[in-house]
Amino acid sequence: MPEAGERRDGRLRIDMAALHPALQPDGTGRYHGDCQRLRDAIKVQLREAMEIEHELYLTANATAGLMVAVAGLALDGIKLNLDGARYPGYAPLRRHGAGLQVPGTATFLTHVDPLSGRVTEPAGISGLSVVDASQSFGTVCRHAEAFRADVVISGLHKHAGIAAGVGVLAIGKDADCAGLRRAAAAAERGTVALPVLEGALARCSGHRPKLFNRLVLSVRDDLIRQLADRGLEVLTPAGANLPFVCLKGELPKDVGVRCASAGFSAKLFPEEGVMRMSGHAPGRSDSPMLDRSDSLADLLMSLTQEDVCDAG
């Protein structure tokens, strides 16, 4: 049988995994091998640019990373307790393994709550910890904090702005979870969207790429009271040092357009009635923070001075 690998005579290389001929971009038969090369290169860049010492595995996104964590830890005889999941999409998973009898339990927590901006630091958790760092990965103030956990999951499309359709599952080198490592390696081999991987590598390559969001937003206590009098509740604690602020209440219908004009973006969670306003300023881990809290304050005062309608 011929062996998989590059042929010295330059003829068609035999790929180890089947792929329909119409999906081969150049007819070389190297699709899966190219994906592996790209994944390896991306991880090298991420470790350096994002200052990560954990072992890295690439997944499709944070949700895929969570599924791998659940399955992989089960191989280790560990149930992942999802009571600390705050992302709405994970709510159906909280009852996972309610009747499962296993020797150990790991704690899952959301580092930064996407619906409030409240921070739960992973340091001090007893036992194995798994952290959803989707809203802290790549932020100047909170990124390093997340990696105090044993296992970290995140997408790469948010604050780091690397690519949509690829995420990371990071495992601390001292974490005793061989089953999780096997599951993560298997999942990584299925991360095969070649154009996405090419884009991700281009984004995080070069000399000291700017993959951190150095912008921070905060709302002063006196402004929080003024906004409350106008029917707008600020959910994010003052001093959270995050690139976003979460709000609940009434806002004009054109809030999205007006946020964009002020250099911010807005995301509505209709079921929860929460509006998240965020901003971005590219930088590196050692870049100074860019505080745009005054600009946000002006925007919020403007939005609440006029006729409003329910944002939800």
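Please treat every number below as a calculation from the coordinates, not as lab data. Just so we're clear, the structure is a prediction, and the values are computed from it rather than from any experiment. All Cβ positions, even for glycine, are placed from backbone atoms using ideal geometry, and neighbour counts span all protein chains on display.
A few remarks follow.
- Once both labels are positioned 7 Å from their Cα atoms along Cα-to-Cβ, the gap between D229 and L268 label points is 2.8 nm.
- Candidates A183, V68, F137 compared by Cα position along the dipole of the chain: farthest toward the positive end lies A183, with charges placed on Cβ.
- Over the chain, dividing the summed -39,500 (n - 2.57) contributions of all DSSP H runs of at least 4 residues by the number of residues returns a 222 nm mean residue ellipticity of -8500 deg cm²/dmol.
- Interchain or long-range residues, amide H under 5 Å from T59's placed H: G167, V168, L169
- In Hz, Karplus ³J(HN,Hα) per residue of the stretch 238-253 (6.51, -1.76, 1.60; θ = phi - 60°; x = Gly, Pro): 4, x, 5, 6, 10, x, 8, 9, 9, 10, 9, x, 9, 9, x, 5
- Of all the options I162, I153, I125, the one that moves most in a Gaussian network model of the chain with Cα springs shorter than 10 angstrom is I125.
- Among V257, V274, V112: highest mean-square fluctuation, GNM of the chain, C-alpha pairs under 10 Å: V257
- A simple rule links phi to the HN-Hα coupling: the Karplus curve 6.51 cos²θ - 1.76 cosθ + 1.60 with θ = phi - 60°, which for the stretch 114-121 gives x, 9, 9, x, 6, 9, 10, 6 Hz, with x for Gly and Pro.
- Counting 0.36 nm for each residue step from V257 to H207 and taking away their Cα separation leaves a gain of 14.5 nm.
- Burial ranking of peptide ranges 60-67, 247-254 (average Cβ count within 10 Å, highest at the top): 60-67, 247-254
- Modelled FRET efficiency - R0 41 Å, L75 with A123, Cβ distances, 0.05 increments: 0.95
- Cut-off 13 Å, label 7 Å out along Cα→Cβ of L23, residues of the stretch 186-201 by amide N: 190-195
- If you plug the beta carbon distance of A144 and R95 into 1/(1 + (r/R0)^6) with R0 = 22 Å, you get a FRET efficiency near 0.10.
- Lysine pair count for the chain (Cα-Cα distance under 23 Å; residues 8 or more apart in sequence or on different chains): 9.
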